[in-house]
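**Q** Please see the structure below; I have some questions.
The values are calculated or read from the model by the stated rules, or taken from the named source; none is laboratory data. Keep in mind it's a predicted model, so treat the numbers as computed, not measured. Positions of Cβ are backbone-derived with ideal geometry, glycine not excepted, and every protein chain shown enters the neighbour counts. Accessible surface areas use protein heavy atoms only, side chains included; no ligands, DNA or RNA. Shrake-Rupley method; radii C 1.70, N 1.55, O 1.52, S 1.80 Å.
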Amino acid sequence: MTFPASVPSIVHNRIRRFDDSHTIERYVAEGGYEALRKALTSMTPEQVHEEVKTSNLTGRGGAGFPAGNKWGLLPPDVFPRYVVVNGDESEPGTFKDRELMERDPHQLVEGALICAYAVRATRVFLYVRGEMALAQERVGQALVDAYARNFVGNDIMGTGWSMDVVLHWGAGAYIVGEETALIESLEGKRAFPRIKPPFFPAAKGLYYKPTIVNNVETLSNLPWIVTNGGAAFAAMGGGRSTGTRIESLSGHVKRPGNYEIEQHNTTFRDLIFDPALGAGMRSDVPLKMFIPGGASAPWLFPEHLDTKIDGDEAAKLGTMLGSGAVVVMDESTCSVRAAWNIVHFFAHESCGQCTPCREGTTWLERILWRIETGSGREEDLDLLLDVSDNISVGLGWPPKQTTICPLGPSAASPILSSVPHFRDEYLVHVKEGGCPHGR
């Protein structure tokens, strides 16, 4: 992956500079585990927590909840308590956590240990997606090496503080990206999301004990924050979108890849067209639409290119930054096929626990497919919106759910994005008996 030198790098520094960034030798040579040493020898858990709150670091997995505030939800004096690392990156278009685990696993391990110290956790569980074989191998080796160097285990670095890290491999289910489903999977059960409340992980998490679940990128920021201070992190970006974040840029761009950008001060136009970033549209075909935050997010269009990459700015447009996946589609893209492709994914990945999601996503997928393949009816356009309204009441964003988790409403996002905006394209499919793009 390529990273422009002008962009501040917090979590990607070694990745872009060294081919051996995954090794403990390189990590230690670059100052690795010194942030952990600083936290354990010079700071109380409360002071570490306060620095994270000052940084206003928000979750990078999709929900965007401030990490320091989440940690503060733990009930006082209730033990044992756990830290769970969500490495089940499964949102279509997102591949930043995978690269962090493959290319800089020690940074993640150190961040997880800092989190565990700050919240006075009993144990860390590191959950890696089942299909990510190299990430599993690299994280596993990183833990072996960290134990050997006494960065993990008993009496870490002679400080008197001990912590074990358990590596757990998933089995490849999208739904495990939802924190309570991940907890169910860790407990050896089928990955069904839990009802919140009462099962907010901070109150009733792993083994029904207080649990903090944080995303890989979120935790990878902690060594930098401890070393440089929360205020230095908050000084980058603007508003409530502070620091940097990694954007996974894919689709019809000349330079797809992971790019670490400064939030608020970077626009989607910068990300897609800057020569040091996406470098513009592939084959110079004009932009048609783009997804700003993974397949779950409502789409944006050319008139939104100058929107800042900022959570609040995205919310004003009825969408979200989500997992940081920006999928770019040019004028050659069939909007019906694009919507079907995403809905098909969500229908396949529904866990089946909630009727509106289990049945509704399948109905949406079938209606879209018959429109795309020439058997559609004009009334199907209204039927798509009607079914979506039964999954996500009111068809607004953020969605009003009829389901336990957001998967069902996520399937409605491409419908709500494409049907009103490209109604004429849908009607051409109906009247001409199939997709005019000839696919």
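**Q** Between a first residue in region 278-291 that is free of Cβ contacts under 8 Å to residues at least 60 places away in the same chain and a second residue that is hydroxyl-bearing (S, T, Y) and buried (at least 16 other Cβ atoms within 10 Å of the Cβ), which pairs have beta carbons less than 8 Å apart while being 6 or more apart in sequence or on different chains?
**A** G278/Y259; K288/T333; K288/S335
**Q** I'd like the full set of residues that are of a type outside the set (D, E, K, R), part of a helix (DSSP H, G or I) and within 35 Å of the chain's Cα centre (by Cα), limited to region 420-434.
**A** The answer is P420, H421, Y426, L427, H429.
**Q** Scan region 328-362 for residues that are among the charged types (D, E, K, R) and within 23 Å of G376 (Cβ to Cβ) and jot them down.
**A** E331, R337, E359
**Q** May I ask you to list the residues in region 95-144 that are in contact with a Leu (Cβ under 6 Å, 6 or more places away or on another chain), open to solvent by 10 Å² or more (accessible area, probe 1.4 Å) and of a type in the set (G, A, S)?
**A** G140 - this is the single residue of region 95-144 that is in contact with a Leu (Cβ under 6 Å, 6 or more places away or on another chain), open to solvent by 10 Å² or more (accessible area, probe 1.4 Å) and of a type in the set (G, A, S).
**Q** Just to verify a result, which residue in region 48-65, among those that are over 20 Å from E260 (Cβ atoms) and in contact (Cβ under 8 Å) with a residue 60 or more places away in the chain, is surrounded by the fewest Cβ atoms within 10 Å (Cβ to Cβ)?
**A** Once the filter is applied, the top-ranked residue is E50.
**Q** Also, quick follow-up: Suppose we keep only residues that are aliphatic (A, V, I, L, M) and in contact with a strand residue (DSSP E or B) (Cβ under 9 Å, 6 or more places away or on another chain) within region 367-400. Which one would you say is surrounded by the fewest Cβ atoms within 10 Å (Cβ to Cβ)? Show your work before the answer.
**A** Step one: filter region 367-400 for residues aliphatic (A, V, I, L, M), giving 367-368, 371, 381, 383-385, 387, 391, 393, 395.
Applying the additional criterion that residues be in contact with a strand residue (DSSP E or B) (Cβ under 9 Å, 6 or more places away or on another chain) yields 391, 393.
On the way: I391: 27, V393: 14.
Across region 367-400, the extreme among qualifying residues is V393.
**Q** Do we have R423 as in contact (Cβ under 8 Å) with a residue 24 or more places away in the chain, surrounded by fewer than 17 Cβ atoms within 10 Å (Cβ to Cβ) and touching a helix residue (DSSP H, G or I) at 6+ places or on another chain (Cβ under 9 Å) here?
**A** Taking the combined requirement at face value, the residue satisfies it.
**Q** Ok, one more. When A181 is evaluated against the numbered criteria (1) within 20 Å of G59 (Cβ to Cβ); (2) surrounded by fewer than 18 Cβ atoms within 10 Å (Cβ to Cβ), which criterion, by number, is the only one it fails?
**A** Evaluating A181 over (1) within 20 Å of G59 (Cβ to Cβ); (2) surrounded by fewer than 18 Cβ atoms within 10 Å (Cβ to Cβ) leaves (2) as the failure.
**Q** Let me ask something additional. Hey, any hits in region 290-299 for a residue that's surrounded by fewer than 21 Cβ atoms within 10 Å (Cβ to Cβ) and on the phi < 0 side of the Ramachandran plot? Outline the logic, then answer.
**A** Applying the first criterion (surrounded by fewer than 21 Cβ atoms within 10 Å (Cβ to Cβ)) to region 290-299 yields none.
No, region 290-299 has no match at all.
**Q** Could you please give the count of residues in region 66-82 that are more than 27 Å from K96 (Cβ to Cβ) and open to solvent by 30 Å² or more (accessible area, probe 1.4 Å)?
**A** Summing the residues that are more than 27 Å from K96 (Cβ to Cβ) and open to solvent by 30 Å² or more (accessible area, probe 1.4 Å) in region 66-82 gives 6.
**Q** Another question, if that's okay. Looking for something loosely packed, with under 15 Cβ neighbours inside 10 Å, in contact with a strand residue (DSSP E or B) (Cβ under 7 Å, 6 or more places away or on another chain), not small (G, A, S) and not in a helix (DSSP H, G or I) - is there at least one such residue anywhere in region 31-45?
**A** no
**Q** Looking only at region 300-320, count how many residues are open to solvent by 10 Å² or more (accessible area, probe 1.4 Å) and under 14 Å from S248 (Cβ atoms).
**A** 0
**Q** Which condition number in (1) at pLDDT 95 or above; (2) of a type outside the set (A, V, I, L, M); (3) under 19 Å from the mean Cα position of the chain (by Cα) is the one that G172 fails?
**A** Looking at each condition in turn, G172 falls short on (1).
**Q** Among the residues of region 259-273, write down those that are open to solvent by 40 Å² or more (accessible area, probe 1.4 Å) and within 22 Å of E99 (Cα to Cα).
**A** E262
**Q** Taking A135 as the residue in question, decide whether it is small (G, A, S), within 19 Å of the chain's Cα centre (by Cα), farther than 26 Å from C357 by Cα and assigned to a helix (DSSP H, G or I).
**A** It is true that A135 is small (G, A, S), within 19 Å of the chain's Cα centre (by Cα), farther than 26 Å from C357 by Cα and assigned to a helix (DSSP H, G or I).
**Q** Inside region 152-171, can you point out the residues that are open to solvent by less than 20 Å² (accessible area, probe 1.4 Å) and out of contact with any Ser or Thr (no Cβ under 8 Å at 6 or more places or on another chain)?
**A** V152, M163, V165
**Q** Do you know which of the residues in region 1-30 that are in a helix (DSSP H, G or I) and at pLDDT 90 or above is most open to solvent (accessible area, probe 1.4 Å)? Talk me through it step by step, then tell me what you get.
**A** Taking region 1-30 as the starting set, the residues that turn out to be in a helix (DSSP H, G or I) are 13-17, 24-29.
With the extra rule that they be at pLDDT 90 or above, the set shrinks to 24-29.
Values: I24: 4, E25: 111, R26: 60, Y27: 4, V28: 53, A29: 73 Å².
So the residue we want is E25.
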